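Student: Take this structure first; my questions come after.
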Amino acid sequence: MMFGLSDYLNAIVRGTALGLIALVWVIVVVRIVGLRTFSKMTAFDFVITLATGSLVASAATVTNWTALVQALSAIVALLIAQVILARLRRQSRSFQVLIENDPMMLMYDGKILMGALKKTRVSESDVLNKLRGANIKDLSEVRSMVLESTGDISILSGPAEVSDGIMQEVDCGYGPEESHVSRKE
């Protein structure tokens, strides 16, 4: 017993106190590390967020102080690793390519790129769902649709062409035979 109380009361007090300690610890560490800590800019950021949440849950259920210190230390280690990897990504394109996927073009000038859908395992119904959610009324409105490295889908629409700068690092590796509208049409 960590607090010397009856089993049920000890569990309630321990869960509450340790959960609050872990939460305050994460807030303090995030304030030190910075705003990007829980962003979803890369898949690695997403994994760090999940792992941190899991460690907070673990910290709230430990039965001794050593395990609490271990969980809190693991949170710090993960967030420091995230900072280091973010700096390395920013400094080196080759390192960035090593640890994350480039965004992938799924649509271009109103045409669904079936080869890209196959490569990314995105279904045509997923694409249509995103288009409806973005209030796209006709495929011709779409300049490009990109599956981002985070798993999000971005849609650029309107009459203007999409500049090369915006499409920098987007994998547009499709051939003319892959660039066509849905097979259903």
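Student: Among all helices in the chain defined by DSSP H, which have a length of 27 Å or more along the axis from Cα atoms plus a Kyte-Doolittle mean of at least -1.0?
Tutor: 7-33, 65-91
Student: Let me ask another. Kindly state, to the nearest 0.05, the FRET efficiency for ARG93 paired with ALA160, given R0 = 25 Å and r defined as their beta-carbon distance.
Tutor: 0.35
Student: Across the chain, how many lysine pairs separated by 8 or more positions, or lying on different chains, have Cα atoms within less than 19 Å?
Tutor: Lysine pairs, 8 or more places apart or on different chains, close enough: 10.
Student: Note down the magnitude of the dipole of the chain about its Cα centre, charges +1 on Lys and Arg C-beta and -1 on Asp and Glu C-beta and zero elsewhere, to the nearest 20 debye.
Tutor: Computed charge dipole of the chain: roughly 520 debye.
Student: Just want the ordering: TYR8, TYR108, from fewest to most Cβ atoms lying within 10 Å of their own Cβ.
Tutor: The fewest-first ordering by Cβ neighbours comes to TYR8, TYR108.
Read-outs throughout are calculated quantities, based only on the coordinates presented, and are distinct from any laboratory measurement. Since this is a predicted model, take the numbers as computed values, not measurements. Cβ atoms come from the backbone with ideal geometry, glycine included; neighbour counts cover every protein chain shown.
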